[in-house]
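Q: The following block contains the structure, expressed as structure tokens.
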Amino acid sequence: MGNSSSNAADGNGVGQDNKAASSGKSASSKQKAADNKPIPDPAEIKSKPVHQVICEYNDLEDGQMKEVEVEGQKVLVARDQGAYYALSSKCTHFGASLAKGALCQGRVRCPWHGACFDLATGDIEDFPGLDSLQSFEVEVKDGKVEIHTDTVALSSTKRVKPMITRDLECTLLYLIVGGGPAALECAESLRQAGYKGKILIITQENDPPYDRTKLSKALTSTASDLALRPTEFYNVYDIHIMTGMEAFSVDTDMNHMVFRGREWTDYTVEYDQAAICTGSRPITLDKPGTNTFSKDVFYLRTPAEANEIANKSKGKNVVIVGSSFIGMEVAASVVGKAKSVTVIGRSAIPFANLLGEQIGKIIMELFESKGVKLVMSSEVEELIGNEENLTQIKLTSGETVAADICVVGIGVLPNTEWLKDSGVKLSERGHIIVNKYNKTNIDNIHAAGDCTTFPLFIDGDRLVNIGHYQMALSHGKSAGMNMCFKEEPLKSVPYFWTAVFGKSFRYCGFGNAKEDEIVFHGESSKFVAFFVRDDKCIAVASLTWDPMVSVAAELMRAGIPIPASTIRENPEQLHFLVPK
């Protein structure tokens with residue numbers, strides 16, 4: 001197959017090689033372009049030093065945190081093993097107050113979505129979120145805790161973790177296939193680990209990496225609204241992106257991959273190391289009428305599709321096929337704008353397999369109270385309409401549901417079919433099998449994200465597939481670090497959430513609601529549920545009971561068991577398991 005790199009790259013590249021930064025040194029001199037907002041020229045900044053007592057030494061005990069105000073800015077103060085630390089006070093992901101999070105063994109974890117930061121440095125250690133916290137010098141003198149910083153540092157609540165740029169004398173090329181969060185974090189981790197060669201991300205997406213998890217919650221968002229990094233970031237750190245290119249084949253002996261462009265143009269890349277982060281794709285609805293009314297059937301995958309769903313839903317009958325998280329979030333997004341919203345689900349209760357029947361019923365009743373009709377224990381038999389448009393969906397029960405548009409969310413498949421004859425080992429379900437370093441059976445190929453099966457350290461290294469945004473980022477970090485031979489095993493606790501109708505449901509761990517005992521505390525408006533197996537808690541779910549899930553996640557990561565006896569009577573006993 002022909003190599004036509006010039007044609008394939010035309011109009012599709014982001015992040016061209018930056019010859020002004022070829023020394024392989026830190027990119028701090030070009031930080032202005034890398035951050036989410038421009039940093040003024042240092043000569044124009046009027047900064048002043050800050051030296052302020054922020055508390056007495058005995059104000060906090062080990063394991064405690066609080067917010068204080070310094071020069072009009074909130075600062076997180078924490079005490080751990082006798083030492084004091086001061087950091088930016090808000091999580092860099094969604095701005096949650098970290099003082100309300102979990103502190104354990106030198107890390108603070110966000111109470112909302114589980115991002116973790118090192119107390120000493122402020123560096124982000126687990127995800128979601130990409131940026132690190134500002135860290136401030138602290139001095140304890142005469143029983144008082146004093147912060148030493150300046151007004152500029154105080155006003156900059158987040159920062160990019162230190163990375164180097166490309167050295168043009170380094171001829172290595174590390175190829176990243178895919179354009180999601182795992183791919184981006186892999187690229188960033190390569191630069192953080194000291195890799196000086198060329199980084200090339202090739203993706204079939206039309207846009208650079210963006211936060212796809214927000215699509216179902218904010219259907220009118222554009223790719224630029226959801227971009228994980230601004231375009232300038234890729235220029236600063238010499239990360240080149242080619243869009244609209246689908247992985248076609250790989251020769252693991254010759255170390256080259258073939259990609260196919262929009263106009264069936266083949267593009268061959270020779271690589272030194274590669275990371276496969278191709279994610280997954282929606283399972284299509286294979287029922288009579290699906291192709292006939294394809295213009296009215298949607299699979300939420302891209303911002304353009306989300307926008308079309310939002311526009312076409314107004315005043316129309318919307319049917320969501322599948323009671324998955326994506327499907328339910330779409331239902332929550334369009335109700336009140338659509339004429340009617342119906343969810344068709346195969347199970348009797350949504351999320352029962354994951355969260356259990358009791359929590360599933362709480363979610364079901366919440367949706368019904370907001371005007372969403374749930375038709376459960378049902379399947380689609382046929383899509384019906386007139387000559388031009390979809391008008392109804394017939395179920396296997398014989399019931400028909402009015403439908404002007406249909407949104408399908410019935411699961412995903414890994415984007416790995418192009419690897420079947422490559423020698424890269426796949427599971428029976430088609431996921432790439434990786435070890436605890438995210439390495440495949442091919443020595444110079446790693447893989448990360450939804451397309452993988454990996455050993456879960458909190459479950460005895462059992463091979464699992466977890467399609468979570470947070471886990472994809474963690475995989476990307478692991479792959480990038482280990483492509484640089486850091487030998488850092490993946491140690492990330494699964495943590496996910498869903499937000500509907502102003503309520504956030506959180507979950508950490510890896511349970512099985514069908515088999516585990518569920519210890520439930522609370523009521524429908526506020527609860528925490530512990531999933532117990534062999535007298536040990538292996539997963540936790542909650543609603544408006546923060547930071548319970550984050551505390552549990554930190555205990556799991558630290559390898560501290562959560563005995564069922566600890567949380568049966570009083571869930572707040574969980575906090576006493578955290579080492580001080």
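The values are calculated or read from the model by the stated rules, or taken from the named source; none is laboratory data. Please read these numbers as outputs of a predicted model, since none were measured by experiment. Methodologically, a virtual Cβ is constructed for each residue, glycine included, from the backbone with ideal geometry; neighbour enumeration extends over all protein chains shown. Side chains are part of the model used for accessible areas, which takes the heavy atoms of the whole protein and leaves out ligands, DNA and RNA. Shrake-Rupley method; radii C 1.70, N 1.55, O 1.52, S 1.80 Å.
Q: Under the rule of -39500 (n - 2.57) per DSSP H run of 4 or more residues, summed and divided by the residues of the chain, what mean residue ellipticity at 222 nm is obtained, to the nearest 500 deg cm²/dmol? Walk me through the numbers on the way to the answer.
A: On the way: 13 runs with 103 residues, N = 580.
My calculation for the chain gives -4500 deg cm²/dmol from helical runs alone.
Q: Given the pairs Lys339/Lys526; Lys90/Lys337; Lys158/Lys439; Lys198/Lys486, which are separated by over 29 angstrom at their Cα positions?
A: The pairs that break the limit, which is 29 Å between Cα atoms, are Lys339/Lys526; Lys90/Lys337; Lys158/Lys439.
Q: Please report, as a whole percent, how much of the solvent-accessible surface of region 244-335 comes from carbon and sulfur atoms (probe radius 1.4 Å). Don't skip to the answer; put the middle values down first.
A: Numbers: 1870 of 3920 Å².
The nonpolar share, carbon plus sulfur, comes to 48 percent.
Q: Expected output is a single nm value to one decimal: the length gained when fully extending between Thr302 and Thr121, i.e. 0.36 nm times separation in residues minus the C-alpha distance. What is it? Show your work: numbers first, answer last.
A: Values: separation 181, 0.36 × 181 = 65.16 nm, distance 3.63 nm.
Fully extending the segment from Thr302 to Thr121 adds 61.5 nm.
Q: Just the number please: accessible area per residue for the chain, 1.4 Å probe, all protein chains included, in Å².
A: On the way: 24720 Å² over 580 residues.
Accessible area per residue: 43 Å².
Q: To continue, here is another question. May I ask you to order 486-495, 448-457 by the average number of other C-beta atoms within 10 Å around their residues, highest value first?
A: Numbers: 486-495: 19.4, 448-457: 26.3.
Ranking, from highest mean packing down: 448-457, 486-495.
Q: What percent does the relative contact order of region 118-204 come to when contacts are Cα pairs within less than 8 Å and at least six residues apart? Intermediate values should be presented prior to the final figure.
A: On the way: 114 pairs, mean separation 21.4, N = 87.
The normalised contact order for region 118-204 reaches 25 percent.
Q: Roughly what % antiparallel, to the nearest 5, for the DSSP beta bridges in the chain? Intermediate results must be reported in sequence, preceding the final value.
A: On the way: 94 of 127 bridges.
The answer is about 75 percent antiparallel.
Q: Mind checking which aspartates and glutamates have their C-alpha under 19 Å from Lys425, skipping anything on the same chain fewer than 8 residues away?
A: Excluding near neighbours in sequence, the set is Asp251, Asp253, Glu417, Asp443, Asp450, Asp461.
Q: With θ set to phi - 60°, apply the Karplus curve 6.51 cos²θ - 1.76 cosθ + 1.60 along region 389-397 and write out the HN-Hα couplings as whole Hz, x wherever there is a Gly or Pro.
A: 10, 5, 10, 7, 10, 9, 9, 5, 6
Q: If you plug each phi of region 235-251 into the Karplus form 6.51 cos²θ - 1.76 cosθ + 1.60 with θ = phi - 60°, what whole-Hz ³J(HN,Hα) values come out, in order, with x for Gly and Pro?
A: Values, residue by residue: 5, 4, 9, 6, 10, 9, 10, 10, 9, x, 10, 9, 4, 10, 6, 9, 10 Hz.
Q: Name all residues of region 282-325 having a backbone nitrogen under 19 Å from the label point set 7 Å from the Cα of Glu379 along its Cα→Cβ direction, giving them as ranges.
A: Taking a point 7 Å out along Cα→Cβ of Glu379, the residues of region 282-325 whose backbone N falls under 19 Å are 283-291, 320-324.
Q: Hey, another quick one. Counting other Cβ atoms within 10 Å, which chymotrypsin sites (Phe, Trp or Tyr not before Pro) in region 91-136 have at most 14 and lie in a DSSP loop? Could the numbers behind the result be given before it?
A: Details: sites: Phe94, Trp112, Phe117, Phe136; in loops: Phe94, Trp112.
Answer by residue number: Phe94.
Q: Sticking with this structure for a sec: Using a probe of 1.4 angstrom, how much of the accessible area of region 41-147 is carbon and sulfur, in percent? Before the final figure, lay out each step's value.
A: Numbers: 1970 of 4660 Å².
The value for region 41-147 is 42 percent carbon and sulfur by accessible area.
Q: So how strong a dipole does the chain carry about its Cα centre when Lys and Arg Cβ are +1 and Asp and Glu Cβ are -1, to the nearest 20 debye? Before the final figure, lay out each step's value.
A: Working: 61 positive and 74 negative charges, 151 e Å.
Charge dipole, the chain, about its Cα centre: 720 debye, nearest 20.
Q: Check Leu300: other-chain or 5+ apart residues with amide H under 5 Å from its amide H, H built from backbone geometry?
A: Val408
Q: Further question: Hey, if you drop one equal point scatterer on each alpha-carbon of the chain and run the Debye formula without solvent, what base-10 log of I(q)/I(0) do you get at q = 0.07, 0.13 Å⁻¹?
A: -0.45, -1.46
Q: Peptides 164-173, 561-570: what's the order by average Cβ count within 10 Å, highest mean first?
A: On the way: 164-173: 16.6, 561-570: 14.7.
Answer by packing, highest mean first, reads 164-173, 561-570.
Q: Hey, another quick one. Find the relative contact order for region 522-580 and round it to a whole percent, using C-alpha pairs within less than 8 Å whose residues are 6+ positions apart.
A: Numbers: 68 pairs, mean separation 16.6, N = 59.
Over region 522-580, the number comes to 28 percent.
Q: Next question, about the same structure. Points 7 angstrom from Cα along the Cβ direction at Met254 and Glu399: gap in nanometres?
A: In this crude spin-label approximation the distance works out to 5.7 nm.
Q: Taking the simple approach of a point 7 Å from Cα along Cα-to-Cβ for both Glu67 and Val140, what is their distance in nm?
A: Using points 7 Å along Cα→Cβ, the separation is 2.5 nm.
Q: What nm distance separates the two modelled labels at Asp461 and Ser525, each placed 7 Å from Cα along Cα→Cβ?
A: Result: 4.9 nm between the two label points.
Q: Here is a follow-up. Averaging sequence separations of C-alpha pairs under 8 Å and six or more residues apart, then dividing by the length of the chain, give the relative contact order as a whole percent. If you can, show how the numbers build up before the last one.
A: Working: 1401 pairs, mean separation 80.6, N = 580.
Rounded, it is 14 percent for the chain.
Q: Calculated FRET efficiency, Thr231 and Lys339, Cβ-Cβ r, R0 56 Å, to nearest 0.05? Don't skip to the answer; put the middle values down first.
A: On the way: r = 40 Å, r/R0 = 0.71.
For Thr231 and Lys339, the calculated efficiency is 0.90.
Q: Further, regarding this structure: Cβ neighbours within 10 Å, averaged per peptide: list 284-294, 49-59 in order, most packed at the top. Present the calculation step by step, with values, prior to reporting the outcome.
A: Details: 284-294: 15.2, 49-59: 13.5.
Averaged packing, sorted descending, gives the order 284-294, 49-59.
Q: For the chain, which cysteines have no disulfide-compatible partner, meaning no other cysteine Cβ under 4.7 Å?
A: Lone cysteines by the Cβ rule: Cys55, Cys104, Cys116, Cys170, Cys186, Cys277, Cys406, Cys451, Cys484, Cys508, Cys537.
Q: Given all pairs of different Cα atoms, what value in angstroms does the Kirkwood hydrodynamic radius of region 467-559 take?
A: 14.5 Å
Q: Got a sec to turn the phi values of region 362-371 into Karplus ³J(HN,Hα) couplings, 6.51 cos²θ - 1.76 cosθ + 1.60 with θ = phi - 60°, whole Hz, x for Gly and Pro?
A: Coupling constants for region 362-371: 4, 5, 4, 5, 4, 5, 5, 5, 9, x Hz.
Q: Of Asn389, Gly360, Asn435, which is farthest on the positive side of the dipole of region 331-442, counting Cα position, with +1 on Lys and Arg Cβ, -1 on Asp and Glu Cβ, and the Cα centre as origin?
A: The listed residue farthest towards the positive side: Asn435.
Q: Quick one: accessible surface of Glu368, probe radius 1.4 Å, all protein chains present, in square angstrom to the nearest 10.
A: Roughly 90 Å² of Glu368 is accessible to a 1.4 Å probe.
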